[in-house]
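J.: The structure that follows is given in the form of structure tokens.
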Amino acid sequence: MTLGSRGDVQPFIALGCALKSDGHDVAVSTAANFTDMIEKAGLRSAPVSVDMQAELEGSVLMEGMRSVRGLIRAWRLSQDLMQTQLQDVWDVAHREHPDVIVYHPKAFSAVYAARSLGIMAMPVYLQPAYTLTGAFPNPIYPWRRSGLLTRRLNRAFLWLTRLGYSSLLRKWFAKRQDVPSKSSIDVLTGYHPAGNPVPRFHAFSQHLVPSPDDYGIHERTTGYWFVDPDDTWQPPADLEAFLSAGPAPVYVGFGSMPSQDARALTRDVVAALDMAGQRGIIATGWSGLSGGDLPPQHFALESAPHSWLFPRCAAVVHHGGAGSTHEGLRWGRPTVICPVFGDQPFWGYVVARLGAGPRPVKQKKITGQVLADRIIQALDPAIASAAEDIGSLLRAEGGARQAADLITEIARDQQTAD
């Protein structure tokens, strides 16, 4: 069970494929617009009714990024949507009646559904933000250096997170009479019907974020859950022709992050590529980049599997989501991160610290010259070599397989106990 953008969904599809190969019947529950992706992977789709990403996309999200008033409006809208999603998660779980639920924290009513069904619910974290540690600051914080107060500040973040969950749950409980025992469950630690601890999966690479010494024994950093490349996917003829017509291009795309002025940002990206002497693939889609009237040395791309495209690129420029960061480094691509908000600056810091890319530049700070400088730095042989080395490590981790093996073992032990 997961909610959000493609980066929140695709890792769960990867886990589902690994579990299916072990003989499990797997359903992936998320917004209905991911049904085709789920079913193409050979899994069942159990959709919820609301796509929060789509509901908040566009003008509402942009307004929330620009002003306090807009942020308040986006927050109010999200409250109503969250109430619907809380109920959706509950309804889907009871309709599917699974033996185990593996859930993203955004689908946090999953723990209450698990308690009602008498089954386990295991949380998954795609960012190192939801487990107490003193080794590094929470990725949401704007600073990167740890210090004496790091653990206390991280504890404060977790307290605020739980407080937010509790507020939403109280509103939901007030409308529901079928939720037994409305006492609080820690939605960040999962649920076991016997009260035993369950594993908490950290689905990111230890080579990017090493597991701290103060993590508990139930914290499992598995490596990122990558979807296997689709060998049957065929590129459009014009994309294939573009790639064949010259040296490997630089990919530029900002995922689901909208820009304030798509045309201006696109002009800056084109100027940067030209100043760096690079051909470019400019991804449009949700990112707010414009694909119209590009010069012939650049190609406008609506969509293509990153696992197919990134190995054919010289470098990648993106917003720094956990999925895009891992995927680019998976194929050994030098990476330029242009964060917008959330954990994206953190991943930019990680990439720069590892020497796999230059220091990040915020999307709103992009100019042609600034981005050109970053691209030129990224293509330096030393950075390219570091990215290749990290790619070899990430490809060997097998994160989805590690998680699936553990889930299979736990489910088998549970069946034996029953």
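Here, each number is a calculation from the coordinates, and none is a lab measurement. In this text, all values refer to a predicted model and were calculated from it rather than measured experimentally. Positions of Cβ are backbone-derived with ideal geometry, glycine not excepted, and every protein chain shown enters the neighbour counts.
J.: Under 10 °C and 1.306 mPa s, how fast does segment 237-396 diffuse according to Stokes-Einstein, given a Kirkwood radius computed over C-alpha pairs? Answer in µm²/s, whole number.
T.: Approximately 105 µm²/s, per Stokes-Einstein.
J.: Same structure, new question: How large is the charge dipole for the chain, taken about the Cα centre, if only the Cβ atoms of Lys, Arg (+1) and Asp, Glu (-1) carry charge, to the nearest 20 debye?
T.: Roughly 1680 debye for the chain.
J.: Return the whole-Å distance between the Cα centroid of segment 346-385 and the Cα centroid of segment 116-170.
T.: First find each Cα centre; the distance between them is then 28 Å.
J.: Quick test of the membrane-span-like rule: which DSSP H helices of the chain reach at least 24 Å along their long axis (C-alpha atoms) with mean Kyte hydropathy at least -0.5?
T.: 150-175, 381-397
J.: Averaged over every viewing direction, what's the projected area of the C-alpha convex hull for segment 276-358? Give it in nm², one decimal, please.
T.: 5.6
J.: Would you mind classifying segment 119-254 by shape? Square roots of the alpha carbon gyration tensor eigenvalues, ordered a ≥ b ≥ c; an a/c under 1.5 is rounded, otherwise it is prolate if a/b is larger than b/c and oblate if not.
T.: It comes out prolate by the Cα gyration axes.
J.: Now a separate question. Given the chain reduced to its alpha-carbon atoms as identical point scatterers, what log10 I(q)/I(0) does the Debye formula return at q = 0.07 Å⁻¹?
T.: -0.34
J.: Then there's this: Nothing charged except the Cβ atoms of Lys and Arg (+1) and of Asp and Glu (-1): what's the magnitude of the dipole of segment 282-397 about its Cα centre? Round to the nearest 20 debye.
T.: Dipole of segment 282-397, to the nearest 20 debye: 240 debye.
J.: Which one, C338, P358, Y165, projects farthest toward the positive side of the charge dipole computed for the chain from Cβ point charges (K/R +1, D/E -1)?
T.: It is Y165.
J.: Still on this structure, I have one more. Quickly rank 10-19, 182-191, 346-355 as a protection proxy: mean count of other C-beta atoms within 10 Å, highest first.
T.: Highest-to-lowest ranking by the protection proxy: 10-19, 346-355, 182-191.
J.: Tabulate in residue order the Karplus-calculated ³J(HN,Hα) for segment 177-193, using 6.51 cos²θ - 1.76 cosθ + 1.60 with θ = phi - 60°, rounded to whole Hz; enter x for Gly and Pro.
T.: Running phi through 6.51 cos²θ - 1.76 cosθ + 1.60 with θ = phi - 60° gives 9, 9, 9, x, 6, 7, 5, 5, 10, 7, 5, 8, 10, x, 9, 10, x Hz.
J.: Which longest uninterrupted range of the chain lacks any GluC sites (Glu not before Pro) assigned by DSSP to a loop state (not H, G, I, E or B) and surrounded by at most 16 other Cβ atoms within 10 Å?
T.: With a cap of 16 other Cβ atoms within 10 Å, the longest stretch comes to 58-301.
J.: Dipole of the chain (Lys/Arg Cβ +1, Asp/Glu Cβ -1, origin at the Cα centre): which of W347, I410, W308 lies farthest to the positive side?
T.: W347
J.: Under 26 Å Cα-Cα from K171, which lysines qualify once same-chain neighbours fewer than 8 residues away are excluded?
T.: Excluding near neighbours in sequence, the set is K106, K182.
J.: If you add up the charges near K175, with Lys and Arg at +1 and Asp and Glu at -1, over every other residue whose beta carbon is less than 15 angstrom from its beta carbon, what do you get?
T.: That works out to 0.
J.: Still on this structure, please answer the following. Compare L289, L43, L149 in a GNM of the chain, Cα atoms joined below 10 Å, and give the one with the largest fluctuation.
T.: In the Gaussian network model the winner is L149.
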